[in-house]
Amino acid sequence: PPGPPAAPTTPPRIALSRPAAPATFLAWVPHGLPSGFTRRVAGLPQIGRVTVVAEDNVWLTRSWSASGELVDDAPEPYRIPLDAAAVDVATFAPFLPPADRASLAALEEGEGIFGSSSASLRGLGPGAVLAFGRVRVRIAAVLPDQLVGAAELVVSTRTGRRIGIVRDRHVLLRPVEGRRMSQDE
């Protein structure tokens with residue numbers, strides 16, 4: 001004999017929510033930022049924080065693991081391309097979560113930070129050394145790709161110039177405290 005009739009089921013209620021307004025915006029222009037762009041954006045009354053990120057391909061010649069083992073050694077005239085970014089530590093720091101800001105201090109000493117995908121691909125981490133011709137960069141930390149703009153390597157602006165990062169590619173923007181912006185502004 002059939003069992004008791006099944007109780008009617010009602011679909012679960014789904015709570016509706018509004019997406020949060022983004023806290024950070026990215027502005028970029030193909031082929032690099034025009035002269036004066038960052039200064040003009042920083043002068044807008046609704047903008048609270050701005051940092052510029054320079055980004056270029058740089059050419060790795062050698063790398064060593066933290067224990068000193070040679071990992072990469074491109075024979076002349078070959079080089080290994082890396083997508084690298086250079087930042088001003090003071091203006092970039094507020095765009096990182098507080099727990100990750102301490103790793104930026106090493107950039108001022110000429111060291112670098114790997115994005116997690118690059119570290120995994122290369123099998124290198126903190127303590128590894130990268131050579132770009134005669135310039136060497138020790139890796140101080142590995143951060144998630146989303147915190148380094150998916151760059152393979154992040155260095156200071158000064159170190160960036162020494163290894164060939166010369167083009168300002170984008171700016172990160174935050175509205176003034178207490179103001180919410182839309183993508184249309």
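The values are calculated or read from the model by the stated rules, or taken from the named source; none is laboratory data. No experiment lies behind these values; they were computed from the predicted model shown. Cβ placement follows ideal geometry from the backbone for every residue including glycine, while neighbour counts extend to all protein chains displayed. Ligands, DNA and RNA are stripped out before the accessible areas are found, and what is left, the full protein with its side chains, is counted by its heavy atoms. Shrake-Rupley method; radii C 1.70, N 1.55, O 1.52, S 1.80 Å.
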Point to revise | Subset of the range 140-176 (residues that are open to solvent by 10 Å² or more (accessible area, probe 1.4 Å), outside any loop (DSSP other than H, G, I, E, B), among the β-branched types (Val, Ile, Thr) and farther than 18 Å from ALA102 by Cβ) | key: THR157, ILE163
Review point. Would a scan of the range 61-68 turn up a residue that is buried (at least 19 other Cβ atoms within 10 Å of the Cβ) and part of a strand (DSSP E or B)?
Key: yes
Review point. Is the range 87-107 home to any residue that is within 13 Å of the chain's Cα centre (by Cα), within 16 Å of ASP72 (Cα to Cα) and not in a loop (DSSP other than H, G, I, E, B)?
Key: no
Point to revise | Residues (farther than 14 Å from PHE132 by Cα and either open to solvent by 20 Å² or more (accessible area, probe 1.4 Å) or touching a Cys at 6+ places or on another chain (Cβ under 7 Å) (or both)) located in the range 72-88 | key: ASP88
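Within 20 Å of GLN146 (Cα to Cα), surrounded by 14 or more Cβ atoms within 10 Å (Cβ to Cβ), in contact (Cβ under 8 Å) with a residue 60 or more places away in the chain and in contact with a Phe, Trp or Tyr (Cβ under 8 Å, 6 or more places away or on another chain): does that describe THR51?
Answer is yes for this residue.
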Check your understanding: Any residue at all in the range 65-72 that is of a type outside the set (D, E, K, R) and closer than 23 Å to ARG161 by Cβ?
Key -> no
